[in-house]
Amino acid sequence: MSFLNDILVVDFSQFLSGPSASLTLADLGARVIKIERPVTGDICRELYVSDIVIDGESSIFQAINRSKESYTADLKDAIDLLKVKKLLKRADVVIHNFRPGVMERLGLDYETIKKLNPSVVYGSISGYGAAGPWKHLPGQDLLLQSATGITLLNNTAHENPTPLGVSIVDILSGAHLAQGILSLLYQKMVSGEGGEVQVSMLESALDFQFELLTCYYNDGHELPQRSEVNGGHPYVGAPYGIYKTADSWMALAMTDIVQLGQLTDCYALLAYTNSDEWFTQRDAIKQVLAAHLQQRSTREWLAVLEPADIWCSEVLDYEALRKHPAYRALEMEMTVKNSNGTAITTTRCPFKIDGQLLTSTTGAPLLGEHTAAIDKEFGLNQLQKEGAVVS
């Protein structure tokens with residue numbers, strides 16, 4: 001499916017946040033030209049999150065840059081900069097995630113590009129926004145999780161602040177940027193006007209916590225308190241959390257404590273008939289339940305709880321998840337190939353449209369793989385070193 005078939009995206013972004021936004025646009029059929037520095041390219045090409053290296057580059061780069069083209073340009077070189085500006089005259093969308101001030105110094109900021117291309121949709125991601133005392137700090141996922149309270153929501157009360165084991169702020173800010181860009185593309189279709197959408201990782205991380213922050217704002221500024229045992233959601237009462245069983249682990253979400261006690265033969269829970277106590281006595285209840293649930297296997301507990309519509313789940317690792325019929329039914333995996341013929345298994349776009357999956361067979365580009373072809377297609381080779389003019 002090519003919903004954005006005629007949309008040209010010029011993407012200056014690196015790492016995860018910006019590239020995840022342009023990946024969504026590419027999955028929807030847009031043509032994404034990735035601007036990379038010569039020789040080294042996107043720093044993410046060497047950002048290893050494991051020892052998995054594919055064609056000499058990181059697996060994460062391969063995953064987040066599929067279906068894109070690579071154009072190398074030194075933005076500090078006058079001719080390369082002119083070539084890029086000429087390309088930008090044809091762009092529908094421009095994306096970057098540089099720190100505030102970088103694109104202005106290069107002459108590639110929104111106001112400058114808007115003069116070249118009045119209907120352009122210009123999207124940017126920064127770490128902390130364009131104003132305020134943090135604006136020049138590095139926008140790195142772990143740092144944002146730490147600065148916004150996320151790390152103090154995970155684990156139990158006596159453990160260290162604990163980050164999520166995934167770059168959640170990067171991916172959220174990329175999703176927010178893609179949403180904003182799609183909104184402006186609709187505006188452009190209706191009125192011919194483009195616009196600028198600005199996303200900060202700080203705001204994305206705060207929006208991610210709207211549920212908890214709203215409680216905090218309206219509850220006398222009471223800070224969330226992590227559970228003493230079986231940590232889960234700091235604002236949710238017992239039994240919410242992860243519990244060890246005789247052979248593995250099981251998750252329990254919100255449920256009636258008395259009913260849970262009856263189903264599991266945990267008779268100590270029958271005393272908590274006042275639902276307010278499920279919050280005020282959260283840790284005491286969870287300690288009793290945690291000890292009791294270790295008497296049987298996860299499968300035995302699920303056989304009792306699932307038919308009663310108790311919200312519960314086994315805890316699966318990736319190996320067990322991939323074997324599960326529910327996972328296989330999703331067809332979440334796909335294989336892409338780069339121009340070297342190297343096959344890479346990755347995840348597909350997570351949503352369907354009209355019941356159809358959005359898939360691709362094209363892997364991430366080699367560094368500068370499309371530079372010559374793009375130069376020829378857009379007439380960029382016509383620029384001369386002296387007296388060059390963007391025409």
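Can you confirm whether segment 290-305 contains a residue that is at pLDDT below 95, assigned to a loop (DSSP other than H, G, I, E, B), in contact with a Ser or Thr (Cβ under 8 Å, 6 or more places away or on another chain) and of a type in the set (S, T, N, Q)? Steps first, answer last, please.
Kept after step one, since they are at pLDDT below 95, are these residues of segment 290-305: none.
Taking every residue of segment 290-305 in turn, none turns out to be at pLDDT below 95, assigned to a loop (DSSP other than H, G, I, E, B), in contact with a Ser or Thr (Cβ under 8 Å, 6 or more places away or on another chain) and of a type in the set (S, T, N, Q).
Within segment 24-38, which residues are part of a helix (DSSP H, G or I) and surrounded by fewer than 24 Cβ atoms within 10 Å (Cβ to Cβ)? Please lay out each step first, then the result.
Quick first cut of segment 24-38, residues part of a helix (DSSP H, G or I) only: 24-27.
Across segment 24-38, the qualifying residues are THR24, ASP27.
In segment 117-140, is there at least one residue being part of a helix (DSSP H, G or I) and either in contact with a His (Cβ under 6 Å, 6 or more places away or on another chain) or surrounded by 15 or more Cβ atoms within 10 Å (Cβ to Cβ) (or both)? So that I can check it myself, show each step before the final result.
The initial filter retains those residues of segment 117-140 that are part of a helix (DSSP H, G or I), namely none.
Scanning segment 117-140 turns up no residue that is part of a helix (DSSP H, G or I) and either in contact with a His (Cβ under 6 Å, 6 or more places away or on another chain) or surrounded by 15 or more Cβ atoms within 10 Å (Cβ to Cβ) (or both).
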Worksheet item: Does THR112 fit the bill of being surrounded by fewer than 18 Cβ atoms within 10 Å (Cβ to Cβ) and either of a type in the set (Val, Ile, Thr) or in contact with a Cys (Cβ under 9 Å, 6 or more places away or on another chain) (or both)?
Response: yes
Discussion item. With assigned to a loop (DSSP other than H, G, I, E, B), in the same structural domain as ILE374 (by TED's automatic domain parsing) and at pLDDT 95 or above as the only criterion, which of GLY41, GLY18 stands out?
Written reply: GLY41
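Just give me the residues in segment 248-263 being surrounded by 19 or more Cβ atoms within 10 Å (Cβ to Cβ) and of a type in the set (A, V, I, L, M), in sequence order.
Applying the first criterion (surrounded by 19 or more Cβ atoms within 10 Å (Cβ to Cβ)) to segment 248-263 yields 250, 252, 255, 257, 260-261.
Within segment 248-263, MET250, LEU252, ILE257, LEU260 meet the criteria.
One line per residue, one yes/no per condition, for (1) closer than 30 Å to ALA364 by Cβ; (2) surrounded by 14 or more Cβ atoms within 10 Å (Cβ to Cβ); (3) in contact (Cβ under 8 Å) with a residue 40 or more places away in the chain; (4) not assigned by TED's automatic domain parsing to the domain that holds PHE351:
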| residue | (1), (2), (3), (4) |
| --- | --- |
| GLY241 | no, yes, yes, yes |
| LYS244 | no, yes, yes, yes |
| ASP265 | no, no, no, yes |
| VAL304 | no, yes, yes, yes |
| ALA308 | no, no, yes, yes |
Worksheet entry | Members of segment 102-130 found to be among the small types (Gly, Ala, Ser) and at pLDDT 95 or above, listed by number | GLY107, SER119, GLY123, SER124, SER126, GLY127, GLY129
Worksheet entry | Test result for SER167, surrounded by 15 or more Cβ atoms within 10 Å (Cβ to Cβ), in contact (Cβ under 8 Å) with a residue 60 or more places away in the chain and either basic (Lys, Arg) or touching a strand residue (DSSP E or B) at 6+ places or on another chain (Cβ under 6 Å) (or both) | no
Fill in: segment 152-209, residues that are charged (D, E, K, R) and over 13 Å from the mean Cα position of the chain (by Cα)
GLU159, LYS188, GLU193, GLU196, GLU203, ASP207
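Whether any residue in segment 321-341 is closer than 13 Å to LEU252 by Cα, exposed (fewer than 13 other Cβ atoms within 10 Å of the Cβ) and of a type in the set (D, E, K, R) is what I want to check. It would help to see each step written out before you state the result.
We begin by selecting, within segment 321-341, every residue closer than 13 Å to LEU252 by Cα; these are none.
No, every residue in segment 321-341 fails to be closer than 13 Å to LEU252 by Cα, exposed (fewer than 13 other Cβ atoms within 10 Å of the Cβ) and of a type in the set (D, E, K, R).
Step by step: first the residues of segment 58-109, then only those that are small (Gly, Ala, Ser) and in a helix (DSSP H, G or I), then the one that is surrounded by the most Cβ atoms within 10 Å (Cβ to Cβ). Which residue is that? Steps first, please.
We begin by selecting, within segment 58-109, every residue small (Gly, Ala, Ser); these are 58-59, 63, 67, 70, 73, 78, 91, 101, 107.
Going one step further and asking which of them are in a helix (DSSP H, G or I), we end up with 59, 63, 78.
Working: SER59: 17, ALA63: 21, ALA78: 12.
Taking the candidates together, the pick is ALA63.
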Worksheet entry | Qualifying residue in segment 332-339 (condition: part of a loop (DSSP other than H, G, I, E, B), in the same structural domain as PHE61 (by TED's automatic domain parsing) and in contact with a helix residue (DSSP H, G or I) (Cβ under 7 Å, 6 or more places away or on another chain)) | no
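The values are calculated or read from the model by the stated rules, or taken from the named source; none is laboratory data. Everything quoted here is computed from the prediction, not taken from an experiment. Here Cβ is always computed from backbone atoms with ideal geometry, including for glycine, and neighbour counts include all displayed protein chains.
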